[in-house]
Amino acid sequence: MTFDDLLERAASLVRPDRRAILGVAGSPGAGKTTLAERLVGELNGDGGHWVAQVPMDGFHLADVELERLGRRDRKGAPDTFDAAGYAALLRRLREQDEDEGDGDGDGIVYAPGFERTLEQPIAGAVPVPRTARLIITEGNYLLLRDAVWERVRAQLDEVWFCELDESERVSRLVARHEEFGKDHETAVAWVLGTDQRNADLVAATRARADLVVGPAVTSSGSTPRVPPAHRPPGSRSAR
């Protein structure tokens with residue numbers, strides 16, 4: 001399998017009569033966001049806007065709420081997200097018709113984003129136009145066997161599991177924490193503690209994925225611009 005094969009598979013999920021949603025799962029630091037961003041960038045490479053990215057991280061509970069719940073020291077665990085809200089947004093995106101507005105005249109649905117410098121969710125940060133026919137969403141717990149997270153899985157056409165050598169994943173995660181303000185000792189402690197417990201939960205869901213994507217695939221070459229053949233039947237450029 002090559003990266004071009006991934007592009008073809010992602011595009012093939014879309015049908016003329018409905019929007020599709022692709023999930024990218026994996027442990028913290030496995031490269032989910034990098035893969036999602038590359039898919040979106042290359043599928044939109046012909047100048048269209050028919051693919052959009054919506055991150056699960058926008059549904060982190062704010063620190064003030066985590067403090068109230070007594071979960072601040074476990075930030076990133078499954079119960080530190082608004083999973084029900086995430087599932088509701090995915091359902092809204094799936095059910096929105098391309099030719100209908102959404103109450104504001106232009107049909108844009110706003111999803112929350114996540115600011116890593118602040119480590120806080122940001123409301124209304126990700127605009128999704130109704131012309132987006134494929135939504136790519138990435139997050140740790142898309143395959144978790146839990147009632148509320150199963151509601152998320154039900155909205156996804158496929159879920160791909162992003163896999164990376166464990167030592168490389170840990171190294172990248174430590175570097176990320178340092179980049180966003182933690183000193184080295186604190187970063188290592190967090191990665192080997194809270195992050196590792198979460199990573200173990202995620203790793204146990206690997207067998208439920210529709211496809212496992214390793215680093216050899218994500219690092220393979222692809223065409224710099226996606227040819228029109230990758231555009232699904234019935235897709236249109238943004239209005």
**Asked** Does L201 fit the bill of being in contact (Cβ under 8 Å) with a residue 12 or more places away in the chain, among the aliphatic types (A, V, I, L, M) and surrounded by fewer than 21 Cβ atoms within 10 Å (Cβ to Cβ)?
**Response** yes
**Asked** Within region 219-239, is there a residue that is crowded, with 16+ Cβ neighbours inside 10 Å, more than 25 Å from E42 (Cα to Cα) and at pLDDT below 90?
**Response** no
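This table checks each residue for (1) touching a strand residue (DSSP E or B) at 6+ places or on another chain (Cβ under 9 Å); (2) surrounded by 23 or more Cβ atoms within 10 Å (Cβ to Cβ).
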{"site": "A10", "(1), (2)": "yes, yes"}
{"site": "L13", "(1), (2)": "yes, no"}
{"site": "R18", "(1), (2)": "no, no"}
{"site": "V24", "(1), (2)": "yes, yes"}
{"site": "T34", "(1), (2)": "yes, no"}
{"site": "V40", "(1), (2)": "yes, no"}
{"site": "G45", "(1), (2)": "no, no"}
{"site": "V51", "(1), (2)": "yes, yes"}
**Asked** Inside region 192-218, can you point out the residues that are of a type in the set (V, I, T) and modelled with pLDDT of 90 or more?
**Response** V202, T205, V212, V213
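Kindly state which helices (runs of 4 or more DSSP H) lie completely within region 136-195 and contain at least 1 residues that are within 30 Å of W50 (Cα to Cα) and not β-branched (V, I, T). Full working, then the answer.
Details: elements: 147-153, 166-179, 184-190.
Fully inside region 136-195 and qualifying: 147-153.
The values are calculated or read from the model by the stated rules, or taken from the named source; none is laboratory data. Fair warning: this is a prediction, and the values are worked out from it, not measured in the lab. Note that we place each Cβ from the backbone using ideal geometry, even for glycine, and neighbour counts take in every protein chain shown.
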